[in-house]
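The values are calculated or read from the model by the stated rules, or taken from the named source; none is laboratory data. Since we're looking at a predicted model, the values are computed, not measured. Glycine gets a Cβ as well: all are built from the backbone with ideal geometry, and neighbour counts include every protein chain shown. The protein model used for the area step is the full one, side chains on, heavy atoms only, and it has no ligands, DNA or RNA in it. Shrake-Rupley method; radii C 1.70, N 1.55, O 1.52, S 1.80 Å.
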Amino acid sequence: MKLYDNPHAPNPRRVRMVLAEKGIEYDREELDLGAGDNLKEDFSAKNPFAKVPVLELDDGLCLSETSAICRYLDETHTDSTLYGRTPKERALIDMWEKRMESMLLYPALLAFQHITGFFKDRMTPVEDFGKESAKNFLKALPVLEAQLKNNEWIAGSDFTIADITAVCAVDFARIVKVRVGDEYPSVQRWYAAMKARPSYAA
C-alpha cells in the first residue's frame with residue numbers, strides 16, 4: 001500500500017496513527033500542499049477532490065476520505081479493533097467519532113484555513129469566520145471534559161478511533177493558538193495518555 005500524505009495536516013495523521021496502532025507496513029509519498037502538489041493532474045486522477053490522504057491499495061484502488069480509509073484498515077487487520085466488536089460498541093464509537101470530527105476537528109480546520117489564509121490562492125479566507133470556528137472548538141471542551149471525567153478514553157474504557165481524531169484536532173488547533181487549558185484536568189490526563197502511545201509520533 002502507498003499513503004499519499006502530508007506531515008502537517010491532521011487527516012493524514014489520523015491514518016498514520018491507525019497504521020501505527022495496527023503495525024501495518026506501507027509506502028509513503030509526501031505532498032507539499034502549499035506548493036499545490038495535490039492539485040496536479042496525476043494526483044487528482046487518484047482523488048478528484050484533490051485532498052489528502054489517499055491510500056492506494058496493491059490492486060491500484062485508491063481510497064480517499066479519512067474515515068473510509070481508517071475503517072478499511074481496521075476491518076482488514078482484525079487482531080484488534082478501533083471501531084468496536086458489538087453493535088452497541090460500534091454505535092457508541094461512531095457517535096463519539098462523529099462528535100470529535102464535527103465539534104473539534106472541523107472547527108480547527110476552518111480556523112486554520114480562514115485565520116492563516118494558507119490556501120488564499122484557492123479559496124477566499126474570512127478571518128472573522130475563522131475566529132468564530134476557533135470559539136466553536138473551545139465550546140466543545142466542556143463536553144469532552146465531562147465525558148473523560150468518567151471514562152478512561154473518549155468512547156469508554158477502550159482506546160478507539162475517536163481518541164485518534166480528537167488528539168489530531170487538539171494538536172492542529174495549536175497552530176492558531178487554541179489550546180486546552182488547565183480548567184480541563186480530565187482532558188489533560190487523557191492527552192498525557194495519548195502522548196505516551198507510540199502511535200502519537202506517527
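For the peptides 15-23, 81-89, what is the packing order when you average, over each peptide's residues, the other Cβ atoms within 10 Å and list the highest mean first? If you can, show how the numbers build up before the last one.
Details: 15-23: 20.4, 81-89: 14.2.
Averaged packing, sorted descending, gives the order 15-23, 81-89.
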field: Cut-off under 5 Å, modelled amide H: who pairs with residue 154 long-range
entry: 160, 163
message: Could you give the length gained by full extension between residue 30 and residue 135, i.e. 0.36 nm per residue of separation minus their alpha carbon distance, to one decimal place?
response: 34.7 nm
- prompt: What share of all Cα pairs of region 1-70, in percent, falls into each consecutive 5 Å distance bin?
  reply: 3, 18, 31, 28, 13, 5, 1
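Can you check how the C-alpha radius of gyration of the chain compares to 2.2 N^0.38 Å, as a plain ratio? Before the final figure, lay out the partial values.
Numbers: Rg = 16.9 Å, N = 202, 2.2 N^0.38 = 16.5 Å.
Dividing the Cα Rg of the chain by 2.2 N^0.38 Å gives 1.02.
Taking the Cβ of residue 62 as the centre, find all other residues whose Cβ is under 15 Å away and add up their charges (Lys, Arg: +1; Asp, Glu: -1). The partial results should precede the final answer.
Values: positive: 2, 28, 40, 46, 51; negative: 5, 27, 29, 41, 42, 56, 58, 59, 65.
Residues near residue 62 contribute -4 overall.
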field: Electrostatic dipole magnitude of the chain [Cβ: Lys, Arg +1; Asp, Glu -1; Cα centre; debye, to 20]
entry: 740 debye
message: 7 Å from Cα along Cα→Cβ at both residue 127 and residue 143: what's the point-to-point distance in nm?
response: 2.9 nm
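Counting Lys and Arg as +1 and Asp and Glu as -1, what is the net charge of the other residues whose Cβ lies under 11 Å from the Cβ of residue 194? Provide the component values of the computation, followed by the final result.
On the way: positive: 189, 195, 197; negative: 163, 171.
Here the count lands on +1.
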- line: Percent antiparallel among DSSP beta bridges confined to the chain, nearest 5, equals 65 percent
query: Cα to Cα, under 30 Å, and not fewer than 8 places away if on the same chain: which lysines meet these conditions relative to residue 22?
result: 2, 46, 51, 88, 98, 149, 195
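Per residue, how much accessible surface does the chain expose to a 1.4 Å probe? Answer in Å², no decimals. Write down the numbers at each step before the final one.
Details: 10380 Å² over 202 residues.
Dividing the accessible area of the chain by its residue count gives 51 Å².
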field: Sorted largest first, extent of region 66-176 alpha carbons per principal axis (Å)
entry: 44, 32, 19
